[in-house]
Amino acid sequence: MKKRSLLLSLLATLAIGVAGTAYAQTVLRIGYFPGPYADQFKRGVQPYLESQGIKVQATEFSNIIQLNASLMDGSLDANVFQNRAYLDSFNAQHKGTLEEVLQVPSAPLGLYSAKHKDLKALPSGAKVAVPNDPTSLGRSLAFMQSQGLLTLDPAVPAGRATEKNVSANPKNLQLVLLDAPQMPRAMPEVDLAAILGNHVIAAGMLLSSALALEDPAPQYRIILVARNDVAKGELIKKLVTGYKSNEYRRFVENDPKAKGFSRPEYWQ
């Protein structure tokens, strides 16, 4: 009798363990910044995942480093906030094992002003706010160069320039380095601001209000990212299917906030 009770107890423990494992495999833990990519996931992708029996645990972060650190330590399965240039930089600096899974519709960087209607109207000595993280700074300076506002040292690799690599500055623009999320709030204090698209939308602004709007190069388009040990797993495959679904595409294309977004190649 005791042996039978022990056997039943072991079987029950095993069943609970198996059930717990199966349950864990049906939970997707995803992270992002507050803003358009979070909204698009919640309204365009999450319903599909839930229809497939997947429970979604979505977490919003305010710190850019924590988003990838949480993915590295296993707290998250995936995140959607960064571009390939930032991902490569993070992996190199932190010995990361994160990999690109899928490109998603992306809000471009733009040049915005609360004081001027045209880039040509910028006065000599104008203050220009630019993001202070290396990837976004290099991207902003490259775009400013494309608009004829300054010239960068051609010896510096594309997208790697800092304020120290400006070789010509005909209007003597004063570069003000700020945290990227602060840029919209800083607009009254500067003449021009180079703002990432997700922060524009999160601040209630329209991409179309930019004085100039970039067509993001592939390395600057937003991507879905996972650790390399889970990137090809069934859970991430389901997530990719949700992002590639017609339902998600229709949601994005009908979303007024997404007007001006670049489209991923697989939508062409």
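The table for this structure:
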item: Region 146-188, residues that are farther than 17 Å from Leu211 by Cβ, among the charged types (D, E, K, R) and out of contact with any strand residue (DSSP E or B) (no Cβ under 6 Å at 6 or more places or on another chain); result: Arg160, Lys164, Asp179, Arg185
item: Yes/no for Arg221 being surrounded by fewer than 19 Cβ atoms within 10 Å (Cβ to Cβ) and under 16 Å from the mean Cα position of the chain (by Cα); result: no
item: Given (1) more than 21 Å from the chain's Cα centre (by Cα); (2) surrounded by 17 or more Cβ atoms within 10 Å (Cβ to Cβ), number of the condition Asn169 does not satisfy; result: (2)
item: Asp39 open to solvent by 50 Å² or more (accessible area, probe 1.4 Å), within 24 Å of Ala217 (Cβ to Cβ) and not in a strand (DSSP E or B); result: no
item: Residues that are of a type in the set (A, V, I, L, M, F, W, C) and closer than 27 Å to Leu102 by Cα, drawn from region 171-204; result: Ala180, Ala194, Ile195, Leu196, Val200, Ile201, Ala202, Ala203
item: For Gln66: the one exception among (1) under 29 Å from Asp255 (Cβ atoms); (2) open to solvent by 30 Å² or more (accessible area, probe 1.4 Å); (3) in contact (Cβ under 8 Å) with a residue 40 or more places away in the chain; result: (3)
item: Residues within region 51-94 that are within 18 Å of Val240 (Cβ to Cβ) and either touching a Pro at 6+ places or on another chain (Cβ under 6 Å) or part of a helix (DSSP H, G or I) (or both), tallied; result: 4
item: Which numbered condition Gly148 misses (of (1) surrounded by 16 or more Cβ atoms within 10 Å (Cβ to Cβ); (2) at positive phi); result: (1)
item: Among the residues listed as Ala180, Ala231, the single one being farther than 30 Å from Ser124 by Cβ, open to solvent by less than 70 Å² (accessible area, probe 1.4 Å) and of a type in the set (Gly, Ala, Ser); result: Ala231
item: Condition met for Gly17 (at pLDDT below 50 and either open to solvent by less than 60 Å² (accessible area, probe 1.4 Å) or within 27 Å of His94 (Cβ to Cβ) (or both)); result: yes
item: Positions within region 237-258 being part of a loop (DSSP other than H, G, I, E, B) and surrounded by fewer than 14 Cβ atoms within 10 Å (Cβ to Cβ), in sequence order; result: Asn254
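The values are calculated or read from the model by the stated rules, or taken from the named source; none is laboratory data. What you are looking at is a predicted structure, and each value in this text was computed from that prediction instead of being measured. All Cβ positions, even for glycine, are placed from backbone atoms using ideal geometry, and neighbour counts span all protein chains on display. Calculation scope for accessible area: heavy atoms of the full protein, side chains included, ligands and nucleic acids excluded. Shrake-Rupley method; radii C 1.70, N 1.55, O 1.52, S 1.80 Å.
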